Amino acid sequence: MSRGSQVDLITPRKKYDGGVILTALILLLAFGVVMVFSSSGIYSDYRYKNLYYLIMKQAFWIGTGSMGLIFFKNINMNKLREFATPFFIASLILVITVFVPYFGKSAGGARRWISLFGFTFEPSELLKLAFIIYVAAAIEKREKVMKAFMNGIAPFFFIFVIAAIVMILQPDLGSILMILFVLCIMLFAGGVNLYHAFAVGILLIPSAYLIIMKASYRSKRIQAFLDPWAYSQGISYQIVQSFIAFGSGGLFGKGLGKGTQKLFYLPESHTDFIFAIVGEEAGLLGATGVLLVFGFIIWKGIDIALKLDETFDKMLAVGITSWIGLQAFINMSVVTGLLPTKGLTLPFISYGGSSLLVNMMAVGILLNLAKQVRR
Amino acid sequence: MRLRIRIIAGLFIFFGVALFARFLYLQVYTGGQMGNLSDRQSAVVQEINAERGFIYDAKGRELAVSVEVPSIYAITYQVKDAEKTAEKVAEVLGANKTEILQKLKSGKSFVWLCRKTEYQKGKQLKALKLPGINMVLETKRFYPKGMLASHVLGFVNADALGCEGLEYAFGKYLNGKNGRLVSVKDKKGRIVASGEVEYEAPQNGYNLVLTLDEGVQSIAEEELNNVFEKFHAKEATVLVMNPATGEILALANRPNYDPNSFNEYPPAALKNRAVSAVYEPGSTFKAVTMAAAFTEKTISESDLLDCENGEWQIYGHKLSDHVKYGVMNFRDVIANSSNIGTAKVGQMLGKEKLFKYARNFGFGDKTGIGLAGELNGKLRTPDKWSGLSIYTVSIGQEISATPLQVVSLYATIANKGKLMQPMLVKAVKSKDGKIVKEFAPREVRQVVSAEVAERMMRVLKAAVENGTGKEASVSGLSLAGKTGTAQKFDPVIKKYSGSKYVASFAGFAPAENPKLAILVVVDEPNASKGIYYGGSVAAPAFGKIAKRALRYLERKEHDDIVRNN
């Protein structure tokens, strides 16, 4: 493959425009800052006696994320391919460290965080990215045998189960489902035999059922999802408050900062349910705008994947795009009651350091891939 | 591989479209409903009361005002020691401690402890500086003159809405529009300082300037009280009107009430009998028969009538006079109030003509004074009259009228035959004195000619000078008027009662240059003393009111002239 700079010198051709993706990202980040400030200010003032405490932290993570983005935008893709396996293993170990006393931190019945210099980090976020890079590299390596079962699809699910076990200990079902969905998409794009995929799916259903029903809070979430208004003061309080917030925005919203649902009526209004506040304050207009920007990023990501030549690059583009796209769409679905509640943030908009950092690193890789596109 | 990637893109498009559809459903279809739910849980609406318009008499004296009084409320979560707080609050307010404690522990974040209490109590509580106990000034209606003109003014209920009288009838001017302060509270009930605040300024109500004169009203009330108490009457009414304009200068009824504490009175006391009760006007109605007879040239003052020596049989019915009269001229028939003589004139007129004049004077129809509950009175059309009716109607029986209709009749005679629409409100003014609406005197119709009115005045003057109205006369003042003594129809025995009367006197003063038309009605004066005639019961009160009111108005006018120079 002639991916040399020689061609560039002979015919100064237009490079693939990664700038539009960056623009879309900046739009989302900027809007996210406004929404996080709007939804967290009063909570922050109440909890930390400082209106700006959480927004300052968010600003710090955007700065850190920008560095991550720049690093991955400029990293040599061959290096990334080489480091796929060690990166994945390192991430797995990092996830396990949450169980190390004085190092790991727990909140809300889950042990997902490690604490470092006063900042907490959620290593399972990093594991998602490492998993995608690893799977992309592995698909390229096994390109010839993807149609086979034992050499094709099976090893991927073996790796998935390892990652899943590490994460179920926390427990972090949302992240497990996320990497499962992304894995399925990548394998599908990577040319796996559909009958094999179907067979694995049937095998997974009973275990998925067991995992969901084992924890009572999960089965309650399913109940709350199926008939939210019946339990509006109980298990479905949050989703009903989310409906009220999102719906009350109407066409144009109450105006940025003018919503009332963040006044402790809607729990997690600056994190997982920030999109409800977007709907409340920016209305159908704002919510659709955010949906369209994500749609645009997905479109560009898929476009890049189609235009790339190497399998690793292609798979990486598909994986990262579908990860960000799926996480955004699933989060919106949870907020609007299309899917049961899961602990997933809205990329680039929700408050949350680790997910923001890792998501921005992923976009950095996508921008890096954009540079590889030949025109 | 490319195809599969395109399929993935297709799935995302499908997902995105589904999400957009869901947005539409939630924000457009259920948007309004969700908005209501959101407001219901987070909005705190505080009403800001508009100041109700004041009511002034014709000379600008306050009859009804709104004063600011403190209302005490508690923000329960700010209260430190509920026991102690309740004890102290109860002590100052003179209330029950356990009741206050219950309110403090009701779980609501905001509770009223006492609405519209005395100023002093509010001040005392404020001095105690109890955490969580606050006060706000609210307006309360206050009638500084107490019972004076209560039936004209009406009163205001606990919700600050006018009931009865002008408070009700002119409510749309007086009310104003309450303002609102909508603030936002968080889930824990705390008002969010930075929250969006919606402020709607209250629009104060308009003031009313009445035609009523406090001086004339006081005189009328005082004299009405005297006659009401002296004769142990059941009810009584007085009306004083300016005949040239229809302006009512005084209106009072007994029993009456204090609008500051209206709920302590029985419903009967609240009734404005001057417009909301009817009675048989009796002999005072003979003026209508006279007006018809003069205009139709049926008879003149000096024409003679046979009064049948006090007893006359018609249609098997006995018509009688209180004194046995023989042959008298028509002037004396009216002056002495002979039923037989007047009935004969009525018969000469015929029922159509009598009805027409009664109607033109305003009987059987509302005067349009604008008070709620005004009655029409009963005046049947001639086709429904029996053969006897022409005799009874011409002496004021078989019909009923409100006191206001009767005083209008005499005001019309005094005003050279012109019927003026009675009025109570001169003008509606904004708080800064701008005129919002002005009510000019309105002529309803010329009922009789000025010449006929003049002739009637002379007859009515004779009635006071040497007829049944003698007891009305006061020295130095010429009066014109007519007595009325009507037996009350007793619904129990379906006959006119032998012991229940309505004694009245209607007329105007001074006779030649009338300034005032006055009616005094006394319902069921205690007949056991044998005094129940209008001439004895109502006429003296009429005379006193006329004299005192005229003197008051003259002096007042004089004062005004002095002040203007």
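Figures for the structure shown
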quantity: 5 angstrom amide H check on B:Y501, placed H, neighbours 5+ away; calculated: B:K488, B:E524
quantity: Integer Hz, Karplus 6.51/-1.76/1.60 couplings in order for the range B:442-459, x for Gly and Pro; calculated: 10, 7, 7, 5, 8, 7, 10, 6, 4, 5, 5, 4, 4, 5, 4, 4, 5, 5
quantity: Helix B:31-42 axis, angle to chain B major axis (alpha carbon atoms, nearest 10°); calculated: 90
quantity: Degrees between helix B:286-295 axis and first principal axis of chain B (Cα, 0 to 90, nearest 10); calculated: 70
quantity: At most 15 other Cβ within 10 Å, DSSP loop - trypsin sites (Lys or Arg not before Pro), the range B:315-358; calculated: B:K324
quantity: Over chain A: helical MRE at 222 nm, DSSP H runs n ≥ 4 each giving -39500 (n - 2.57), nearest 500; calculated: -22500 deg cm²/dmol
quantity: Inter-centroid distance (Cα atoms) of the range B:25-46 relative to the range B:75-131, Å; calculated: 34
quantity: D (Stokes-Einstein, µm²/s), Kirkwood Cα radius, chain A, 1.567 mPa s at 4 °C; calculated: 60
quantity: Sorted by Cβ neighbour density within 10 Å, fewest at the top, the residues B:T485, B:T30; calculated: B:T30, B:T485
quantity: Residue pairs, from the table B:K80/B:K187; B:K105/B:K187; B:K84/B:K126; B:K366/B:K470, whose Cα atoms sit over 23 Å apart; calculated: B:K366/B:K470
quantity: Dipole magnitude of chain A about its Cα centre (Cβ charges: Lys, Arg +1; Asp, Glu -1), debye to nearest 20; calculated: 400
quantity: Once the Cα gyration tensor of chain B is diagonalised, semi-axes √(5λ) in Å; calculated: 64, 29, 22
quantity: Distance violations [Cα-Cα > 29 Å] among B:K59/B:K544; A:K141/A:K307; A:K128/A:K300; B:K384/B:K461; calculated: B:K384/B:K461
quantity: Shielding by partners, peptide A:331-340 (average Cβ within 10 angstrom, other chains); calculated: 3
quantity: Listed pairs B:K230/B:K437; B:K121/B:K230; B:K140/B:K418; A:K73/A:K144 exceeding 31 Å between Cα atoms; calculated: B:K230/B:K437; B:K121/B:K230; B:K140/B:K418
quantity: Electrostatic dipole magnitude of the protein assembly as shown [Cβ: Lys, Arg +1; Asp, Glu -1; Cα centre; debye, to 20]; calculated: 3020
quantity: Filtered trypsin sites (Lys or Arg not before Pro), the range B:378-435: DSSP coil and at most 15 other beta carbons within 10 Å; calculated: B:R380, B:K431, B:K434
quantity: Efficiency of FRET from Cβ geometry, B:K431 and B:Q102, R₀ 60 Å, rounded to 0.05; calculated: 0.90
quantity: In Hz, Karplus ³J(HN,Hα) per residue of the range A:150-164 (6.51, -1.76, 1.60; θ = phi - 60°; x = Gly, Pro); calculated: 5, 8, x, 7, 4, x, 5, 6, 5, 4, 4, 4, 4, 4, 5
quantity: Bridge type composition, the protein assembly as shown - antiparallel percent by DSSP, nearest 5; calculated: 95
quantity: Cα centroid separation - the range B:363-386 against the range B:492-552, whole Å; calculated: 22
quantity: DSSP beta bridge pairing in chain B, given as percent antiparallel to the nearest 5; calculated: 95
quantity: Shape of the range B:45-210, Cα gyration tensor, a/c cut at 1.5; calculated: oblate
quantity: Estimated vicinal HN-Hα couplings, Hz - the range B:170-176 in sequence order (Karplus 6.51, -1.76, 1.60; Gly, Pro = x); calculated: 9, x, 5, 8, 6, 4, x
quantity: Inter-part distance where the range A:251-272 and the range A:66-100 are each reduced to a Cα centre, Å; calculated: 35
quantity: Angle between chain B longest axis and helix B:351-360 axis [Cα atoms, degrees, rounded to 10]; calculated: 50
quantity: Dipole in debye (nearest 20) - the range B:45-210, about Cα centre, beta carbon charges: Lys, Arg +1; Asp, Glu -1; calculated: 480
quantity: Long-range HN-HN contacts of B:L113 with modeled amide H, under 5 Å; calculated: B:I72, B:Y73, B:A74
quantity: Top positive-direction residue, dipole computed over the protein assembly as shown with Cβ charges, set A:F198, B:N260, B:Y173; calculated: A:F198
quantity: Sites matching trypsin sites (Lys or Arg not before Pro) across the range B:453-534 that sit in DSSP coil, with at most 12 neighbouring C-beta atoms within 10 Å; calculated: B:K494
quantity: Dipole of the protein assembly as shown [Lys/Arg +1, Asp/Glu -1 at C-beta], most positive-end residue of B:F294, B:A95, A:S248; calculated: A:S248
quantity: Charge dipole of chain B about the Cα centre (unit charges at C-beta), most positive-ward option of B:F505, B:F439, B:L11; calculated: B:L11
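None of the figures in this text is laboratory data; all of them are computed from the coordinates on show. In this text, all values refer to a predicted model and were calculated from it rather than measured experimentally. Ideal geometry is used to build each Cβ from the backbone, glycine not excepted, and the neighbour counts take in all protein chains shown.
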